[in-house]
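The values are calculated or read from the model by the stated rules, or taken from the named source; none is laboratory data. These numbers were taken from a predicted model, which means no experiment stands behind them. Cβ: placed from backbone, ideal geometry, glycine included. Neighbour counts: every protein chain shown. Each accessible area value is taken on the protein alone, full model and side chains, heavy atoms only, with ligands, DNA and RNA left out. Shrake-Rupley method; radii C 1.70, N 1.55, O 1.52, S 1.80 Å.
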Amino acid sequence: MATKIIYFTVNGRPEQAEFPVDCPAQDVKDLFRSAAEAGPHDILKLYNPKGNIINISPGLEPNSPNSCYKLEVVAADRNSEPLGTFTSAPWESYCLDLFQNCQQSPSSLVISGAELAGALGFDLSSMEKRLQGLEKKILMEAGETPAVVYEMKKQVDSFREKLESVEHLSWLGLFKDLSEGNLKPSPFYLKRTLRKTREECEHVREKFLQMSSLEVSEEVRQYLKTPTFDNWQWEDAEIMVLLQVMYTDLDFIATFNIEPEVLQQFLFEVYRRYNNIPFHNFKHCFCVTQMMYGLIWLTDLRSKLDAIDLLIMLTSAVCHDLDHTGYNNAYQINARTELALRYNDISPLENHHCAVAFELLEKTENNIFRNLPMDQYKQIREGIIKCILATDMTRHNDILIKFKSILPAFDFTNKDHKDVLMMILIKVSDISNEARPMEVAEPWLDCLLQEFYNQSDVEKLEGLPVTPFMDRDKVTKPSSQTGFIRFVLLPLFIELANLFPCLEQHIIDPVRKALDYYTEMEKALEREKQNRAQSENAAKIKDTTVVTQSTAESHVEVGPEAHTPQTVVGDT
Ligand code: 5GP
Ligand code: MN
């Protein structure tokens, strides 16, 4: 049967489609839809080399690779993402709503949102031009600006306001380039999206593969075993090399017959599936894994547990936050996200992280366990699931109570005891930033709060219950840390140090120092607040005196708050 071959590009990627000349129109459309990885409700446009839109139909003019057509998804339905890729982040849908509002408006638009729309893949400037043309035409034909245009201009203003009100979402890097003048961002910065792009990944992968054959010095290998390790000094490709070193130096490569290329491919896939978010990103994955690695060495766990248990623990740490999108379980449940629906509100995130891990491992080229017998694979799978699910902080107390109860007669050969210890170790590693030197830990707190504040902002925008410890109006750096250290970190770390007293100096001492530091900061902030309140009061008293005098002269009503300072004056 005669077929047609159509050459086209989608997102700059060359593709070709082949279909029978008498193929039904819908099939041709679906073919292009799948090439663009578009959902059933997304809008696709095909352009010929002249830039004209052409119909996606069986009648398409066959072309050659030199006269490629261009396929674009010009609008994406945010509800149409397949289950496997997880729902769009709320900020994406919010921006899309704003954009759609904007589409209904004419434009003499010169708004900072043009770049936002651009970052989201919309060509706002060409739309602007078309709308300006329309506005001009109306003016010429009607002789004056019609009321409807004024109305639309008002909508544009309100759109601009809305955009400004979401500038806090700049943590995704969408606005950053606008304010930084000549500062040259990384070539991938402008394109930063929640999920890593192919170019971004390829760039890092190349670097990693180039570096992975380099020998890491003994000094770095030793440093890597300590909780004082400074992650901020290392870029992502280097971090992947360091992870490789951990697998090597724990003898996993030899013991579990892991091919170096498979380990590299696995680590690359892990890197790829951590998102561009402030806290739960690839560097967090590294820090948690590195702390786990440090704990294994500091406590000489190699002499107490089986190698397979250590492999489970290290790999669980590597995978424990895969594909985190920056919104916690409470948000997932309240916003009824796809994850909450899929996992029936039961640890939606942790279930997802774990499922993504095993999805990666399903591919034989990534599967670092592929040379192991089935029973070992099963044991590893069971162990990793247990460890990752244990990182849900709503289970914190239960796990800690269980650990405390077995501590007096702890037995490293008892499977139940071992399981609880492994859960405790990943939990300790997961929340161990404050056990690091202050200059390493403090930037992590900034990242965490950035992610927290973003979530609570979105909760406010979406009318969802606001998670109190994330509310930028209520939480400060010290207030966030003092409670967390006192009531969560120390009680947990102290129990682990009961089993391994040598950890006291490595993880408890720095946490106590951090507690002092943030307690001092909290006091200083409190003093500052009091001082500010006092000077504001003083200013009000001054103002009130003036207002009261002028009121007496002009008989203007003064609100009750304006009188309050007078009472203060009376009291002092
Ligand atoms: P993760 O989400 O990383 O798996 O689980 C750890 C959770 O513990 C974080 O999401 C966060 O809520 C909390 N957490 C971890 N480290 C800190 C910290 O230094 N300060 C505060 N306030 N919370 C933390
Ligand atoms: Mn984590």
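Points to keep in mind about this one:
- Rg/Rh (Cα only; Kirkwood hydrodynamic radius) as it applies to segment 328-410: 1.08
- Label sites at E259 and R532, each approximated as a point 7 angstrom past Cα along Cα to Cβ, lie 6.0 nm apart.
- Under 5 Å, built H, 5+ apart or other chain: amide partners of L44: V74
- Euclidean distance of C-alpha centroids, segment 1-61 and segment 195-209, integer Å: 29
- Neighbour net charge for A355 - beta-carbon separation under 15 angstrom, K R +1, D E -1: -4
- Listed pairs K225/K523; K4/K50; K477/K523 exceeding 24 Å between Cα atoms: K225/K523
- Nearest-0.05 FRET efficiency for D27 and L525, computed from C-beta distance (R0 60 Å): 0.40
- Exceeding the 21 Å Cα-Cα cut-off - candidates K283/K415; K207/K283; K304/K363; K283/K460; K402/K427: K283/K415; K304/K363; K283/K460
- Segment 289-306 - phi-based ³J(HN,Hα) in whole Hz, Karplus 6.51/-1.76/1.60, Gly and Pro as x: 5, 5, 5, 4, 4, x, 4, 4, 6, 4, 9, 6, 5, 4, 8, 10, 10, 6
- Label-point gap, in nm, between K513 and R342 - each point 7 angstrom along Cα→Cβ: 4.2
- Gyration tensor (Cα) of segment 291-335, equivalent ellipsoid semi-axes in angstrom: 31, 10, 8
- Heavy-atom accessible area order for M423, M438, largest first, 1.4 Å probe: M438, M423
- Accessible area per residue was computed with a 1.4 Å probe on protein heavy atoms; R302 scores about 100 Å².
- Here the scattering of segment 418-555 is modelled by Debye summation over its C-alpha atoms, one equal scatterer each and no solvent; at q = 0.10, 0.13, 0.20 Å⁻¹ the log10 of I(q)/I(0) is -0.51, -0.73, -1.16.
- A 1.4 Å probe, protein heavy atoms only, puts the accessible area of T9 near 30 Å².
- Amide H contacts of K4: F19, V21, each under 5 Å away and 5 or more positions distant or on a separate chain (H built 1.01 Å from N in the peptide plane; Pro and chain starts excluded).
- For segment 430-495 and segment 378-402, distance of Cα centres in Å: 22
- Highest mean first, the peptides 10-17, 273-280 sorted by other C-beta atoms within 10 Å per residue fall in the order 273-280, 10-17.
- Taking the C-alpha atoms of segment 194-341, convex hull volume expressed per residue in Å³: 135
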